[in-house]
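Taken together, the values in this text are just the output of simple stated rules run on the coordinates, not laboratory data. Quick caveat: nothing in here was measured; it's all calculated off a predicted structure. Glycine also receives a Cβ, built like all others from the backbone with ideal geometry; neighbour counts cover every protein chain displayed.
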Amino acid sequence: MLSKRIIPCLDVHEGRTTKGIKFKDNIDIGDPVEMARFYYESGADEIVFYDITASHEKRDIMIDVVRRVAETIFIPFSVGGGIRTIGDMRAVLRAGAEKVSVNSEAVFNPDIISQGATAFGSQCVVLGMDVKYVGKKDKIPSGYEIVINGGRKYMGIDALQWAIDAQKLGAGEICLNSIDADGTRDGYELNLTRLISENTDIPIIASGGAGEPAHLYEVLTVGKADAALIASMVHYGTYTVSSIKHYLAEQRVKVRKTWS
């Protein structure tokens, strides 16, 4: 059995790490390069780095920040936000990232997934999915709808079907973010996570809602996620990556040991 991964998430706006609740009311919480190094030294398995307004503002991702992060940490990290072409993917990978995450652009242009998988390998292509529960409808049989542009635009696309389609296109991993749970610290959206995990064959990273170590245990076991994204619970110093992993190990969840 593969170890479950614990992945701090750095949402970046104008070169600074930011955090909000349900994609709103973001506040500045620090320098992304310094925070990435801190989490690397604390035992993070990977880092996820999102330029959260690049797609909405239709601008390029901040390659200089990507490069500085890559020079600072020595674990895998992925980058998303504002990636619209294979050239954008190439630039991010050349700057030092191991993976690229496509979200809004993939909804409009699904071929970017297959093109990226062909050019760089499926292991480099992560599909970011921002999802909101809207109730079951004819077009949304799962009850979960894809929302893009930082939670601003509902697309009328069923989240489960999009995950299945993305796997067929060549996505190597899905980062599944619940807008309803984002920043609440009340726990992950377990039903959504389990639904996607049980109906796809690629790793699922659960995102949105972590507030205490027990929430990670729930999503990695009940939710059947392969990895858990964390933000608020470590950004504000309530927990450390090592303390979370120690708790999970005590609950017999297999994690990479990073504590003495």
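Below are the figures for this structure:
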item	result
Approximate spin-label separation Glu98-Asp201, in nm, with each point projected 7 Å along Cα-to-Cβ	2.3 nm
Packing-based ranking, highest mean first, of 75-81, 172-178 given that Cβ atoms within 10 Å are counted	172-178, 75-81
22 Å Cα-Cα threshold exceeded, pairs from Lys99/Lys153; Lys139/Lys224; Lys168/Lys245; Lys99/Lys168; Lys4/Lys257	Lys99/Lys153; Lys139/Lys224; Lys168/Lys245
Helix-only mean residue ellipticity at 222 nm for the chain, each DSSP H run of n ≥ 4 adding -39500 (n - 2.57), per residue, nearest 500	-9500 deg cm²/dmol
Estimated FRET transfer efficiency (Asp165, Lys136; beta-carbon r; R0 22 Å; 0.05)	0.70
Burial order of peptide ranges 217-229, 88-100, 113-125, 243-255 (average beta-carbon count within 10 Å, highest first)	217-229, 88-100, 113-125, 243-255
Taking region 99-246 and dividing mean pair separation by its residue count, relative contact order in percent (alpha carbons under 8 Å, at least six apart)	18 percent
Environment charge of Arg256, counting only residues whose C-beta is closer than 12 Å and scoring Lys/Arg +1, Asp/Glu -1	+3
Rough spin-label spacing in nm, given labels placed 7 Å along Cα→Cβ, for Glu34 and Ser242	2.1 nm
Formal net charge of residues neighbouring Lys136 (Cβ-Cβ distance under 12 Å; K, R +1; D, E -1)	-1
Listed peptides 139-148, 193-202 by packing density, highest first (mean Cβ within 10 Å)	139-148, 193-202
Extension reserve of the Asp64-Arg152 stretch, reckoned as 0.36 nm per residue once the Cα distance is removed	29.0 nm
